[in-house]
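Presented below is the structure to which this report refers.
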Amino acid sequence: MRHLLTITDLSLPEFETILRRATDMKLGPDRYIRALYEQVLLMIFEAPSLRTRLSFETAMTQLHGHAINYYTIHSPWGAGKESIEDVARTLSRYCNAVSVRMFSHEELTKLAVHAEVPVINAMTNVGHPCQILGDFLTMKERFGRETGLTIAYVGDAKNNVTYSLMRAAVMTGNQLRIGCPASEDYSPDPAVTDELASIEGSGSVSVTPDPAAAVRDAHVVYTDSWMSYRVADEEKERRLGDLGPYRVTESLMALAREDAVFMHCLPAWRGHEVTEGVIDGRQSIVFDQAENRLHTEKAILFELLGGGEASLPES
Ligand code: CP
């Protein structure tokens with residue numbers, strides 16, 4: 001039994017297998033009908049979601065399993081009446097796997113220690129591995145490979161998506177350039193930067209306060225919301241001022257390669273981290289990204305739950 005708590009829980013061959021499995025499932029969904037017949041996924045949410053909620057539930061439906069949606073606000077645990085250890089032990093008696101969106105990665109880890117079924121990180125404060133698998137499938141579809149690319153991430157870099165991108169870039173042999181304000185409010189957590197030294201792989205991560213330097217000649221320009229789920233409304237004005245120079249505009253995109261793509265994990269705060277012209281423009285692949293959450297999550301569930309004997313084409 002394996003968990004997916006952080007992207008580095010996967011070896012590089014396992015990462016690549018999930019992408020190949022996802023492609024196979026996307027191109028030939030009929031081969032996987034009933035792959036997870038009568039298996040049950042519990043989806044725990046401590047924060048809102050559109051993509052993660054819909055893609056996991058659709059994944060289970062398409063594989064003929066079942067998904068249960070559960071907001072912690074309705075749970076004895078959320079009300080402070082039950083320990084997370086007992087929640088883990090209990091859910092393991094009903095369900096075959098659990099996907100969990102919670103703020104504290106430490107709590108998620110505690111749940112995984114006590115669960116007897118696979119635990120999937122559906123986003124915590126330090127990582128969003130499901131997002132990154134969907135993103136790498138999308139890059140592979142666009143460029144024919146998921147390695148040897150230059151990825152520019154611009155904006156607020158103190159967040160889970162950036163951290164998972166950092167880990168995955170090193171692991172998969174990509175160059176990630178982060179353009180963010182030179183302030184600890186927006187820079188990657190030093191603990192994550194330190195963690196990179198322990199990740200096997202030929203990729204690299206650099207950080208610059210100059211958004212143009214980050215984007216120049218990149219294959220991918222990536223950003224995330226400046227007002228993600230845990231940012232208080234009172235922060236809005238200050239963040240708009242600090243992050244203004246990092247908005248992905250048409251002129252910033254023009255510094256990237258001619259065939260560069262724009263990516264955003266969504267939800268987007270349109271007109272702030274990205275202009276409408278870019279997110280709706282010819283280079284934007286944000287809805288391919290969103291769709292690929294479904295195919296990669298089907299592949300994750302299939303691999304973690306031993307979904308059957310379906311063989312996988314070589315490439
Ligand atoms: N990108 C992402 O995880 O979207 P949701 O918050 O809507 O699930």
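General observations
- Legend: calculated FRET efficiency, LEU54 to SER204, from the Cβ-Cβ distance at R0 = 30 Å, rounded to 0.05, equals 0.30.
- Whichever lysines have a C-alpha closer than 22 Å to that of LYS140, once near sequence neighbours (fewer than 8 apart) are set aside: LYS26, LYS298
- Top of SER206, SER55, SER83 by mean-square fluctuation, Gaussian network on the chain, Cα under 10 Å: SER83
- Where only DSSP H runs of four or more residues are counted, the chain gives -11000 deg cm²/dmol as its mean residue ellipticity at 222 nm, each run worth -39500 (n - 2.57).
- Distance in nm between pseudo-label sites at ILE73 and ARG31 (7 Å out along the Cβ direction from Cα): 4.2 nm
- Radius of gyration, Dmax [region 159-315; alpha carbons; angstrom]: 17.1, 54
- Ordering ASN174, THR23, ALA157 by Cα displacement along the dipole of the chain toward the positive end leaves THR23 in first place; charges were set at the Cβ atoms of Lys, Arg (+1) and Asp, Glu (-1).
- Using only Cα coordinates, the Kirkwood hydrodynamic radius of region 3-153 works out to 16.4 Å.
Only the coordinates and a few stated rules stand behind these numbers; no lab work does. Source: prediction; values computed, not measured. Here Cβ is always computed from backbone atoms with ideal geometry, including for glycine, and neighbour counts include all displayed protein chains.
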